[in-house]
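The values are calculated or read from the model by the stated rules, or taken from the named source; none is laboratory data. Note that this is a predicted model, so its numbers are computed, not measured. For neighbour counting, all protein chains shown are included, and Cβ atoms are generated from backbone atoms with ideal geometry for every residue, glycine included. Just the protein is used for accessible areas: all its heavy atoms, side chains included, with ligands, DNA and RNA removed. Shrake-Rupley method; radii C 1.70, N 1.55, O 1.52, S 1.80 Å.
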Amino acid sequence: MTNSATAADDVRPIVIAHRGASGYLPEHTLAAKSLAHAMGADYLEQDVVLSKDGEPIVLHDIHLDTVTDVREQFPNRVRKDGRFYAIDFTAREIGRLNAHERIDLKTGRPVFPERFPLGKGRFHVPTLREELELVQGINRGTGREVGVYVEIKAPAWHRQEGKDSSAAVLELLDEFGYRRRADKCFVQCFDPRETRRLREELKTDLKLIQLIGENRRKEAAIDYDKLRTREGLKTIAEYADGIGPRLEHLVIANATAVRVDPLVGWAKEAGLALHPYTFRADSLPEFHALLGDEPDKQFDALLQLFFEKVKVEGLFTDFPDRAIAVRDAQSRAD
Ligand code: CA
C-alpha cells in the first residue's frame, strides 16, 4: 500500500474497526469510534445510508429500529411493514434519537448479550460529516492519521427512493480531502454494479473494495458464488483494489484441520487485497474447536491464522485491541 505511513506500516496488515470498537460500545456511535482510535486501529468503518434530506448518516441498516429508540419517539412514522426507515427522517430528527446496542427485533434482546448494557449511557446516530470531523480532529491532536473506511449501503434501494448515495458520499469525502488512492480512505460496497460505477462513472480515484456476501443473505441481486471464482476475481480487479469476503470464504475446515482456500491465491494473482470480515471474540466461526482446546485462546488463534497463514492485507473486527495485539506480537517475532 502506498500512503503516508512509515515503511514498517506498509507491510503490516491493517486493522479495521468494524462499526468502531463495537465489541465494547454501541456500534457506529462516536464513542465507539473514539475508543477504536485510541486502541490503535488503522481504519474506522462507516456504514452509510441517506436521510430524507439527503444527508449521509452513519448507520448499518436502512432501518433505525434495531439500534435506536425511534419507535418510542416517532411511533406514527412506521411504514406498512412495521419498520422505521432512516430515509423517512431528516438528519436533525435522526440526531435526536438515542442509540443503543443492537437488538433482535423479535425478542427485544441484545444480539450480543455480553457487550455494553442495553439502555445505559447516552449515544446518538452521527452524520458522516460529524464523524469525519471527529476522526480528523483526533488525528490532529494525536498526530496519528487513522483512516476512514466507508460502505455504501443498499445503493439500488436508495435509487428506488430517488437518491444517489454514492454521489453524496464522494462529494463529502472530497470536501474532507479524501480523493486519491494514496489518501487514507477506502470505499466498499456489496453491489458490484455500484462499486464499478464508483470507479467508471463517478470516476473516483479512492481505493475500492468489493464486498462479497452470501447469496442466501440477499445483500444485493448478485451471484456471489460466481464472484468468488478465479474469473470473477479477475472481473473485480478491473475496477477494485481488493475484496472484502466473509472470513469463512478464505479457509476450508474439515473435521480435523483448517487450510487456506484457493480463493486466496486467485485474489493475490489478480492483484486484489484481502480484507475479510468479521472477527468477533463473542461469535467465533463454526470451526472454532479446531483453533485449540482452550476457548479463551481461540479468538487469538483465529486472528493468528489469518495474519500468518492466510496472510490478509487487513481485517474487520469488533475488537481492534485484540487484533492489534496479535498482529504486533507476530511482527515482533519476525
Ligand atoms: Ca459494513
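Overview of results
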| quantity | calculated |
| --- | --- |
| Any pair with Cβ under 8 angstrom, 6 or more apart, that starts in the range 302-318 at a residue that is more than 14 Å from ILE243 (Cα to Cα) and at pLDDT 95 or above and ends at one that is charged (D, E, K, R) and open to solvent by less than 20 Å² (accessible area, probe 1.4 Å) | LEU303/ARG327; PHE307/ARG327 |
| Residues of the range 264-283 that turn out to be open to solvent by 50 Å² or more (accessible area, probe 1.4 Å) and within 16 Å of ILE252 (Cα to Cα), as a count | 1 |
| Residues of the range 14-36 that turn out to be outside any strand (DSSP E or B) and either surrounded by fewer than 21 Cβ atoms within 10 Å (Cβ to Cβ) or among the aliphatic types (A, V, I, L, M) (or both), as a count | 9 |
| Qualifying positions in the range 215-253 - part of a loop (DSSP other than H, G, I, E, B), within 16 Å of the ligand (Cβ to nearest atom) and either of a type in the set (Ser, Thr, Tyr) or open to solvent by 30 Å² or more (accessible area, probe 1.4 Å) (or both) | LYS218, GLU219 |
| LEU315 being within 16 Å of the ligand (Cβ to nearest atom), under 16 Å from HIS18 (Cβ atoms) and of a type in the set (A, V, I, L, M) | yes |
| Filtered residues of the range 179-205 (kept if hydroxyl-bearing (Ser, Thr, Tyr) and closer than 11 Å to ASP241 by Cα) | THR195 |
| ARG77 vs. criteria exposed (fewer than 15 other Cβ atoms within 10 Å of the Cβ), at pLDDT 95 or above and in contact with a Leu (Cβ under 9 Å, 6 or more places away or on another chain) | no |
| Hey, THR256 within 16 Å of the ligand (Cβ to nearest atom) and either open to solvent by 30 Å² or more (accessible area, probe 1.4 Å) or in contact with a helix residue (DSSP H, G or I) (Cβ under 9 Å, 6 or more places away or on another chain) (or both) or not | no |
| Selection count, the range 293-327, where residues are over 17 Å from ASP261 (Cβ atoms) and open to solvent by 30 Å² or more (accessible area, probe 1.4 Å) | 10 |
| Complete set of residues in the range 52-62 that are away from the ligand (no atom under 14 Å from the Cβ) and either within 13 Å of the chain's Cα centre (by Cα) or free of Cβ contacts under 8 Å to residues at least 60 places away in the same chain (or both) | LYS52, ASP53 |
| Tally of residues being touching a Leu at 6+ places or on another chain (Cβ under 6 Å) and closer than 20 Å to LEU211 by Cα across the range 21-45 | 0 |
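Rundown of residues vs (1) at pLDDT below 95; (2) in contact with a strand residue (DSSP E or B) (Cβ under 7 Å, 6 or more places away or on another chain); (3) within 14 Å of the ligand (Cβ to nearest atom), yes/no style:
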position	(1), (2), (3)
GLU130	no, no, no
GLN136	no, no, no
VAL146	no, yes, no
TYR149	no, yes, yes
ARG159	no, no, no
LYS163	no, yes, no
ARG180	no, no, no
GLN188	no, yes, yes
GLN210	no, yes, yes
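This table checks each residue for (1) touching a strand residue (DSSP E or B) at 6+ places or on another chain (Cβ under 8 Å); (2) surrounded by 15 or more Cβ atoms within 10 Å (Cβ to Cβ).
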residue: LEU59; (1), (2): yes, yes
residue: ASP81; (1), (2): no, no
residue: GLY121; (1), (2): no, yes
residue: HIS124; (1), (2): yes, yes
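One line per residue, one yes/no per condition, for (1) in contact with a His (Cβ under 6 Å, 6 or more places away or on another chain); (2) open to solvent by less than 10 Å² (accessible area, probe 1.4 Å); (3) not aliphatic (A, V, I, L, M):
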| site | (1), (2), (3) |
| --- | --- |
| ARG12 | no, no, yes |
| ASP47 | yes, yes, yes |
| PHE89 | no, yes, yes |
| ASP104 | no, no, yes |
